[in-house]
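The values are calculated or read from the model by the stated rules, or taken from the named source; none is laboratory data. Computed from a predicted structure; not experimentally measured. Note that each Cβ is placed from the backbone with ideal geometry, even for glycine, and that neighbours are counted across all protein chains shown. Keep in mind that these areas ignore ligands, DNA and RNA; they rest on the heavy atoms of the full protein, side chains included. Shrake-Rupley method; radii C 1.70, N 1.55, O 1.52, S 1.80 Å.
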Amino acid sequence: MLRGLNEWASLMKTDYYELLGVSRSASADDLKKAYRKQAMKYHPDKNQGDKEAEQKFKEINEAYDVLKDDQKRAAYDRYGHDAFEQGGMGGGFGAGGFDFAGGFGDIFEEMFGEILGGGGRRRGSSQAGQRGADLRHDLTITLEEAFTGAEKTIKVVSMVACEACKGAGTAPGSSPVTCSSCDGYGRVRVQQGFFTIERTCPTCQGAGKVIKDPCKSCQGAGRTRKERTLAVSIPAGVESGTRIRLSGEGEAGMHGGHAGDLYVILSVSGHPLYKRDGANLYCRVPIPMTMAALGGKISVPAIDGVKTDVDVKSGTQTGHQVRLRHLGMSVLRSGARGDMYVELIVETPVHMSKRQKELLEEFAIESEKNRTNPESEGFLDKVKDLFGV
């Protein structure tokens, strides 16, 4: 029974060549290159908390440990996984384990060197010259400022390079010394079961050096918190959500690294007269009932302050729109402008005198005779057709 289970488990295991993505005729160099590629892809440091990736990483190491050994590879080519069941080839595979030191350890230096961006371990490579964090500042502007563009000043509190030590973190006349915990590499290795993990040195935080005599102004941090006043140039045509990047105005970098950037996020406030839709503006303008009936002219101000006359045609109804070309908002990074749409709203008179009411009653009687309200009459005709009343 046990033998049958072992044979079934052996059949379920993925082919070693398939795991590494190489053919059975692959050379030793091809195997090594394929292994490095797969190991880097599924390494636990890159896939934290991913159990599937962890299992895949173990299988890849197991496959490489067999195929890199000429004798084990020959046995595997002939008998497959059965060659290592029941202690067939030894090497610790009978219990489903693998010799991590013999496989992954052979190229540990090279792999981590590539992950960190260079060949092999480098002193202080992980944190030295760390770039400062980016910052965000929200700024509200008026619609007029969005139309014309504006120059604004903002106040930002952030970490800046210490003026006393020029960002070095050390007292005058002193300098950092090599970290004894990592010997200046900035990283230390920790054994966790089968795995040897390389991590940032907790003593020097990856800098590779420690400060014995810190600067009194910044206590060795190399940075201090300070309020700064910055100028922001806002181009014409911006909208809510527009980002303006101020390069190098973010947090100061660590260990001599570059400062981050400051992103100013714009919000355009509402306007009592206009509603905006992209580059177009919409304006609701009330007109007297008499003007809507008889026609006339109204004066409407544009966003730039220039007044424009709008013709109101006789018989104008509520909701009628008049398009005023090129009187809308500025278009960002362009000399063009959108349009303004004037929506006419017919206003019903209130607080009428007795005489005004009499005149309207006379007008209503005459209107009914002369059919001067086509929309109302059309609606009544539809009601009659539907309900027979």
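Values for this structure:
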{"item": "In order through region 346-358: 3J(HN,Hα) via Karplus (6.51 cos²θ - 1.76 cosθ + 1.60), integer Hz, x for Gly, Pro", "result": "6, 9, 7, x, 10, 6, 7, 7, 4, 5, 4, 5, 4"}
{"item": "Region 150-216 versus region 222-291: alpha-carbon centroid distance in Å", "result": "35"}
{"item": "R0 of 45 Å, Cβ-Cβ distance Ile265-Arg189: FRET efficiency to nearest 0.05", "result": "0.55"}
{"item": "From phi via Karplus (6.51, -1.76, 1.60), per-residue ³J(HN,Hα) for region 28-44 in Hz, x at Gly/Pro", "result": "4, 5, 5, 4, 5, 5, 5, 5, 4, 5, 6, 5, 5, 5, 9, 4, x"}
{"item": "Protection-proxy order for peptides 348-358, 215-225, each taking the mean of Cβ atoms within 10 Å per residue, highest first", "result": "215-225, 348-358"}
{"item": "Accessible area in square angstrom per residue, region 259-315, 1.4 angstrom probe", "result": "53"}
{"item": "Under-5 Å amide H pairs with Ser240, H placed in peptide plane, nonlocal only", "result": "Val268"}
{"item": "Sequence-separation-based contact order of region 154-291, relative, with Cα cut under 8 Å and 6+ spacing, percent", "result": "24"}
{"item": "Packing-based ranking, highest mean first, of 314-326, 269-281, 332-344 given that Cβ atoms within 10 Å are counted", "result": "332-344, 269-281, 314-326"}
{"item": "Over 23 Å (Cα to Cα) - which of Lys152/Lys307; Lys166/Lys212; Lys32/Lys72; Lys166/Lys209; Lys37/Lys58; Lys46/Lys209 fall in this group", "result": "Lys152/Lys307; Lys46/Lys209"}
{"item": "Solvent accessible area, Å² - Arg36, 1.4 Å probe, full protein context", "result": "50"}
{"item": "Relative contact order for region 294-354, counting Cα pairs under 8 Å that sit 6 or more residues apart, in percent", "result": "27"}
{"item": "R0 of 25 Å, Cβ-Cβ distance Glu18-Asp45: FRET efficiency to nearest 0.05", "result": "0.50"}
{"item": "Heavy-atom accessible area per residue - region 32-81, 1.4 Å, Å²", "result": "58"}
{"item": "Gly222 long-range amide H proximity, modeled H, under 5 Å", "result": "Gly169"}
{"item": "Among 258-268, 56-66, the order from most to least packed when residues are scored by Cβ within 10 Å on average", "result": "56-66, 258-268"}
